[in-house]
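The values are calculated or read from the model by the stated rules, or taken from the named source; none is laboratory data. Quick caveat, the model's predicted, so the values are computed rather than measured. When we count neighbours, we look across all protein chains shown, and the Cβ atoms used for this are built from the backbone with ideal geometry, even at glycine. Surface areas here come from the heavy atoms of the whole protein model, side chains and all, with no ligands, DNA or RNA. Shrake-Rupley method; radii C 1.70, N 1.55, O 1.52, S 1.80 Å.
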Amino acid sequence: STQSSTGLRLTIARSTAGNHVRNIRVIMPGYLDSYQTAPFYPPFVDRLRGVRALRFMNWARTNGQIMNINWSERTLPNQASQSDSRGVAHEYTIDLANAVGADPWLNIPHQASDAYIRSLAQLVLGRLNPNLKVYLEYSNELWNGGFTQMNYAINQGLALGLDTNVSLSSRARAGQKFVAKRSAEIFRIFEEEFGAQSNRLVKVIPGQAGSASVASTILATFSLLS
């Protein structure tokens, strides 16, 4: 193993076929007895205390997400890596929110199925501190051409006939209208699962700081669907 200011790297130089090295754990000294129930480094948690909400957009690898369509494809807590293209396991985002006492802000993967979203809602309802709220946002910056989720939203919007003009501006509007439609569907699924606790849901509709028309289109479409 090697250690540097940027982290620690562990290299397995040799292993036995049929009896390979397994169950590797890297644990900070002094936390052997507590890492399973309190997996986060206490100074890390302490630095976050006082924060009102934790947005997990980057931790969940929201931008450019190509997986996380079905619930079975998500990252599990016991997987060796929590840093691949699917992002950190939802269980850890919820547990960190609980540890800090901050509301989790969840960015729903842009291709997530209804079944995925419903399972996520059930997980959050059963695992999150009931005193905390839940911010819900469909993906991230679906109006931003630098992210693949924008083209996905446009294609979905055009396929649904939300805007049939093929001009560049109309294609963009089709995507923005789809964002409104999918956001409403996500909110509805969470409301169905949270039931009487739906007042804990904070529904986030995205906009673009540099273009009022983006937010106007999304909000106008959302108001028709709500």
Original post:
Within the group Q65, Q36, which residue is within 12 Å of the chain's Cα centre (by Cα) and either loosely packed, with under 15 Cβ neighbours inside 10 Å or within 21 Å of D114 (Cβ to Cβ) (or both)?
Top reply: Q65
Subject >> One residue from G146, G157 being open to solvent by 50 Å² or more (accessible area, probe 1.4 Å), modelled with pLDDT of 90 or more, among the small types (G, A, S) and out of contact with any Ser or Thr (no Cβ under 6 Å at 6 or more places or on another chain) >> reply: G146
Subject >> Inter-residue pairs, beta-carbon under 9 Å, first over 23 Å from Q36 (Cα atoms) and in region 67-90, second of a type in the set (K, R) and part of a helix (DSSP H, G or I), 6+ apart >> reply: W71/R118
Original post:
Condition test on N140, is it within 27 Å of S72 (Cα to Cα), part of a loop (DSSP other than H, G, I, E, B) and out of contact with any Cys (no Cβ under 9 Å at 6 or more places or on another chain)?
Top reply: yes
Original post:
Among (1) part of a helix (DSSP H, G or I); (2) closer than 19 Å to L219 by Cα; (3) not basic (K, R), where does E192 come up short?
Top reply: (2)
**OP:** Only helices (runs of 4 or more DSSP H) wholly contained in region 38-135 count here; list those with 3 or more residues that are farther than 22 Å from S198 by Cα and either at pLDDT below 95 or in contact with a Phe, Trp or Tyr (Cβ under 6 Å, 6 or more places away or on another chain) (or both).
**Re:** 42-48
Subject >> Candidates L225, L132 - the one that is within 20 Å of A89 (Cα to Cα) and either hydrophobic (A, V, I, L, M, F, W, C) or touching a strand residue (DSSP E or B) at 6+ places or on another chain (Cβ under 6 Å) (or both) >> reply: L132
